[in-house]
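This report concerns only the one structure given below.
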Amino acid sequence: MSWFPQKRESTWLQRACEAVLSAGPIPRHVAIIMDGNRRFAVKNSLAKSEGHVKGFDKLAETLEWCLDLGITEVTVYAFSIENFKRSPDEVNCLMELSRQKFARLLQEKDLIHQHGVCVRILGDISRLPSDLQELLAEAVSISANNKRAILNVCFAYTARDDMCMAMRDVADGVKKGLIKKSDISEYLFEKCLYTSHCRDVDLLIRTSGEIRLSDFLMWESSFSCLAFVKVLWPDFSIWHLYAAILHYQRNHGKIQIARQNNAIERQRLQRESDLKCVMEEEEEDKSGVNTKDNPAGSSGKDSPSGVAEQKNVQSRVQHYKEVREKRVEEFLRT
Ligand code: FPP
Ligand code: MG
């Protein structure tokens, strides 16, 4: 099946449901754990590989539903690093299916542009066969300027692996003096994750009845609405999607409050950290310790400690904040 299947006319009941749902908040970013392909294959006396093919077909259909509903970003768990532990036959079959589907996507270049979909791959693609890496890179490159919707395909991904890589990047930055240890914050850390360019995940759906995240978007889903749906992925229907959106709408208020509280707490922690750094620098200046060149740029006449005598604490903290933000943004650009 193509990534852009023939559109079926919606029924009056679908149109009615969509009208009702569109009166409430529609999740802008939906993440999906497409689980249950092999159980579907067993249930329908098919080969496992056929279960995954049906799983892909369902993905294509679901993307169309999402676009129609105004969901502008979708992230799917296509292949976990843990999946490499499956039998070589199954791993090969999933790699081959991906080869075929991404080659097809490249053939359907005009349709990607027509639908305005930007494809991104999240994961450690160096673990994949090199020909597949090339196909993925090309799909990302040809669709990079599309603006209507984003499809993030998590491939050779686990959240823990992503977080370890991010930790290494941050540690490296501190070691090289590009950032200071005190610059490490939730903001900095999440900007080092694969999802740094993604908007917040509003709704995370897992099919098959399993009630766990299985190492998917663990950082990103802290303030997401979770929907565990008792249906095998290839059997997922538009009605399950409507039900998940309704579940999101019922919980929307609480999620927004939790997000706002988290944002306020982040700001408070950051102000506290900046104040502590200013005070520490002042102490160091007084005791004459801070006389060496500081690669992180916090000493010298432009540093908060350099202007400490003329300014009050608030303006010194403000100055420190500006220097820190510049340092962090420069590090993130590297
Ligand atoms: C989980 O079901 C599904 C996968 C491990 C693979 C998901 C992949 C697809 C749907 C195809 C996507 C392809 C592209 C090109 C994006 P499972 O195998 O764990 O089934 P089970 O839970 O019944 O054992
Ligand atoms: Mg499974």
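Details
- Helices (runs of 4 or more DSSP H) lying entirely in segment 1-115 (those with 2 or more residues that are more than 27 Å from E138 (Cα to Cα) and either within 16 Å of ligand 2 (Cβ to nearest atom) or under 23 Å from the mean Cα position of the chain (by Cα) (or both)): 37-43, 48-69
- Test: residue in segment 201-221 that is in contact with a helix residue (DSSP H, G or I) (Cβ under 6 Å, 6 or more places away or on another chain), polar (S, T, N, Q) and more than 26 Å from R333 (Cα to Cα): yes
- Listed by first and then second residue, the pairs with beta-carbon distance under 7 Å, at least 6 apart or on different chains, first residue in segment 1-17 and on the phi < 0 side of the Ramachandran plot, second β-branched (V, I, T), are Q14/I238.
- G209 over 18 Å from the mean Cα position of the chain (by Cα) and within 16 Å of ligand 2 (Cβ to nearest atom): yes
- Of everything listed in (1) away from ligand 2 (no atom under 16 Å from the Cβ); (2) more than 18 Å from the chain's Cα centre (by Cα); (3) closer than 30 Å to T62 by Cα, the single unmet condition for H197 is (2).
- Tallying residues that are in a helix (DSSP H, G or I) and either touching a residue at least 40 places away in the same chain (Cβ under 8 Å) or closer than 21 Å to D200 by Cα (or both) within segment 159-184 yields 12.
- Pairs where the first residue, in segment 47-68, is aromatic (F, W, Y) and the second is part of a helix (DSSP H, G or I), C-beta under 7 Å, 6+ apart: F56/L97; F56/K101; W65/I238; W65/L241
- Residue pairs meeting the criteria (Cβ under 8 Å; at least 6 apart or on separate chains; first closer than 20 Å to D124 by Cβ, in segment 141-158; second surrounded by fewer than 16 Cβ atoms within 10 Å (Cβ to Cβ) and among the basic types (K, R)): A156/R127
- One residue alone among S196, S221, S185 is of a type outside the set (V, I, T) and closer than 30 Å to R38 by Cα, and that residue is S221.
- For first residues located in segment 19-36 and closer than 13 Å to C154 by Cβ and within 9 Å of ligand 1 (Cβ to nearest atom), partners that are part of a strand (DSSP E or B) and among the hydroxyl-bearing types (S, T, Y) and lie 6+ apart or on another chain with Cβ distances below 7 Å form the pairs I33/Y77; M34/Y77.
- Of everything listed in (1) at pLDDT 95 or above; (2) touching a helix residue (DSSP H, G or I) at 6+ places or on another chain (Cβ under 8 Å), the single unmet condition for A258 is (2).
- Taking the criterion of being surrounded by 18 or more Cβ atoms within 10 Å (Cβ to Cβ) and either at pLDDT below 95 or basic (K, R) (or both), the only residue of segment 137-187 that qualifies is K180.
The values are calculated or read from the model by the stated rules, or taken from the named source; none is laboratory data. Model, not experiment: these values are computed from the prediction. FYI the Cβ positions are ideal-geometry reconstructions off the backbone, even for glycines, and counts take in every protein chain you see.
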